[in-house]
Amino acid sequence: MIKKGEWVLIHNIVLKPEERAPQVPEDTKKVPLEMWVKGFLLEDAQIGDEVVVQTMTGRRVKGELVEVNPAFNHSFGECVPELLQIGLQLREILFGGEDHE
Amino acid sequence: MNNNMSYEGVMARRNEIMKKAVGIDYDRFEFEGIAFDYETMMRETGYTLEEMQQIQGSTGVGNTPILELKNLTTLTRKFSPKGKGARIFIKDEAANPSGSFKARRAANAVYHAKKLGYEGVIAATSGNYGAAVASQAAIHGLKCIIVQECYDSKGLGQPEIIEKARKCEAYGAEVVQLTVGPELFYTFLKLLEETGYFNASLYTPFGIAGVETLGYELAIQMRERVGKDPDVVVCTNAGGGNLTGTARGLRKAGAENTIVVGASVNLKGLHMASDTQFNKKSFTTGHTGFGIPFATWPDRSDVPRSAARSLRYMDRYVTVRQGEVFYMTEALAQLEGIERGPAGNTSLAAAFSLAQEMDKDQIIVVQETEYTGAGKHIQPQLSFARQNGIEIRFGDPKDEVPGQNIILPESPKLIKAVDLDLEKIRKSYIKNAIEYNELESISSSDLEFLAEDTNSSLDFVKKVIEELGVDIV
């Protein structure tokens, strides 16, 4: 049970595939336009329920409850070893070797 | 409300919604046919330079430092013909409160919204502008909603855009995230209608005028520093506002002879509204997917008349490759000790190449940097690309195919800004102007407007119009 007042993420479909704009490319036309927004839950609910939240600006938005206390998990990514070579190469060109001015 | 909320229904109310949400009656500046009165629009609805300096200064925006990139200058001279290799400077716009030059646009827009009595502001942007508007709304105590195009249909989002959502939330904004598609505009219009908030569009006269302070400061700073105006200023170009505002500011400072160069990342072949190609690009702004469409038809923006009209001010337009920009971002950190976000370094990659054509005593200025951090950094962007099947390797950047590979230059000498044919872009603009207005003939005042708006000549416009088979009356 997720309690009223908890900070949650909800999801809904803005436009079904058949409602999409005429100028949309074919691959995009096959999928719906989806939306996610966060807010405080207005009634106790379970994940997957249709709920109403109050967003940071005070708007009330309806949607499917997908996550409680949604977090940001983006990071500095995995190591890209190629990047290590760039600094080494540049320092060699500028400060090292016989070509040094 | 029994308004029709379907896509067609909301889009049909577009002009009415916009008029309420920007507080500008654009009809006042319209003429018959194609033309409108750009300068009157800028004068009557914008702010003077002094007013903008005051508005921006009161929230800590502007007066960013200008830094000489001495090691990168030395590096570029290694590959320049004798006597060539201009001094490279960079304006550190990351020093603005929200971490990019967009703070200048947002400062004016949010100030204006507050003055007109709006309760909140809305902006449709996946870029640095969202954080800029959110930051300014926080300062002025206004509510703020940012609408982002963020995910593909698998729910996979670019790390760079997710970081920008985080930053908007950090300033107290509500972030509405959408999957790929131009119907973002539909959601945006519905939100404007629902909330009655101000449309803090990137393309209003006050937004664009907000960038004029950047060009103005830059000229003054260079005069103080080296005793003359910069020979070349390079602007990363997407929607055209950065270049337009900077060029106007340079002119207001009297820097009439400074060459203004636009630079975009080459994303040729990738469709911007494609669900499957969305995560195949490693730049979410500053690329040709915005740069070319907005140059050839600026009024595609979210206001009836865009104040960002890059063709008016662009002396030259070049592209660079994704791999070159990532390489230069790393070079800026490794050789200058300045770690900044990749998108802002598009113009740096171009400047590194352009400096090699210029004399040693000449000055080239890169007019922006942007903040960096988790997600918005070369490593997460490159590792995200690799996870999405993009090949990353060293080689010759000219072999780069957007969406397939990212080629880091195996030597900095391979970094080359490639000129776009401005004449072709001008022709394309003129063609679009005729088509969008559904005209079979055009007047002589329209000819004059087209010559001004494309920074060309009456003869040039006449020739193009004749080629298109349109009568001049």
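For the stretch B:273-365, a Kirkwood radius taken over Cα pairs fed into Stokes-Einstein (4 °C, viscosity 1.567 mPa s) yields D = 84 µm²/s.
For the protein assembly as shown, the pair-distance distribution built from all alpha carbon pairs, in bins 20 Å wide starting at 0, is 21, 55, 22, 1 percent. In chain A, the DSSP-assigned H stretches of four residues or longer account for a calculated mean residue ellipticity at 222 nm of -5000 deg cm²/dmol, using -39500 (n - 2.57) per stretch and the full residue count as denominator. Residues whose amide H lies under 5 Å from that of B:V121, counting only those 5 or more places away or on a different chain, are B:K143, B:C144, B:I145, B:F198; hydrogens are built 1.01 Å from N in the peptide plane.
For B:I442, the residues whose amide H sits under 5 Å from its own are B:D471, B:I472, B:V473, ignoring neighbours fewer than 5 places away on the same chain, with H placed 1.01 Å from N. Helix A:82-95 and the longest principal axis of the C-alpha atoms of chain A enclose an angle of approximately 30°. In plain terms, the chain from B:D421 to B:S6 could stretch by 145.3 nm, reckoned as 0.36 nm per residue minus the Cα-Cα distance.
Applying 1/(1 + (r/R0)^6) with r as the Cβ-Cβ distance of B:N455 and B:E410 and R0 = 30 angstrom yields a FRET efficiency of 0.20. Using a Gaussian network model of chain A in which every pair of alpha carbons under 10 angstrom is joined by a spring, one finds that among A:P25, A:P17, A:P81 the greatest mean-square fluctuation is at A:P81. Counted over chain B, the DSSP beta bridges are approximately 20% antiparallel. Calculated on the Cα set of chain B, radius of gyration then Dmax: 21.4, 72 Å. By definition, a body whose alpha carbon gyration tensor gives a ≥ b ≥ c is rounded when a/c is under 1.5, and the stretch B:426-472 falls into this rounded group. For the stretch A:13-21, the Karplus equation 6.51 cos²θ - 1.76 cosθ + 1.60, evaluated at θ = phi - 60°, returns couplings of 9, 7, 9, 6, x, 6, 9, 5, 5 Hz by residue, with Gly and Pro reported as x.
Annotation: lysines with alpha-carbon distance below 29 angstrom to A:K29 (same-chain offsets under eight excluded): A:K16, A:K38, A:K62, B:K154, B:K164, B:K190, B:K268, B:K280, B:K281, B:K431. In the frame of its principal axes, chain A has Cα extents of 72, 39, 23 Å, reported largest first.
Remark on A:F72: its backbone amide H falls under 5 Å from none of the residues 5 or more positions apart or on other chains, H modelled at 1.01 Å from N.
Under unit Cβ charges (Lys, Arg +1; Asp, Glu -1), what dipole magnitude, rounded to 20 debye, does the stretch B:426-472 have relative to its Cα centre? Could you put the intermediate results ahead of the total?
On the way: 5 positive and 11 negative charges, 48 e Å.
Approximately 240 debye in magnitude.
Going by the alpha-carbon gyration tensor, a ≥ b ≥ c the square roots of its eigenvalues, is the stretch A:57-96 rounded (a/c under 1.5) or, if a/c is not under 1.5, prolate (a/b greater than b/c) versus oblate? Prolate is the answer for the stretch A:57-96, as a/c is 1.5 or above and a/b outweighs b/c. Structural descriptor for the stretch B:426-472: relative contact order 48 percent, calculated from alpha carbon pairs under 8 angstrom and at least 6 residues apart. 3J(HN,Hα) couplings calculated from phi for the stretch A:62-71 with the Karplus curve 6.51 cos²θ - 1.76 cosθ + 1.60 (θ = phi - 60°) are, in sequence order, 9, x, 7, 6, 10, 7, 9, 6, x, 10 Hz; Gly and Pro show x.
Cβ crowding within 10 Å ranks B:R393, B:R87, B:R77 as B:R393, B:R77, B:R87, fewest other Cβ atoms first. A helix-only calculation puts chain B at -13500 deg cm²/dmol for mean residue ellipticity at 222 nm, using -39500 (n - 2.57) for each DSSP H run of at least four residues, averaged over all residues.
Which of the three applies to the stretch B:379-430, rounded, prolate or oblate, going by the alpha-carbon gyration tensor with a ≥ b ≥ c and a/c under 1.5 meaning rounded? Judged from the Cα gyration tensor, the stretch B:379-430 comes out oblate (a/c at least 1.5, b/c at or above a/b). Two tests apply to each whole DSSP H helix in chain B, Cα reach of 24 Å or more along its axis and mean Kyte-Doolittle hydropathy of at least -0.5, and the ones passing both are B:205-226.
Values quoted throughout were computed directly from the atomic coordinates according to the rules given, and no laboratory measurement underlies them. Just so it is clear, the structure is predicted and the values come from calculations on it, not from any experiment. All Cβ positions, even for glycine, are placed from backbone atoms using ideal geometry, and neighbour counts span all protein chains on display.
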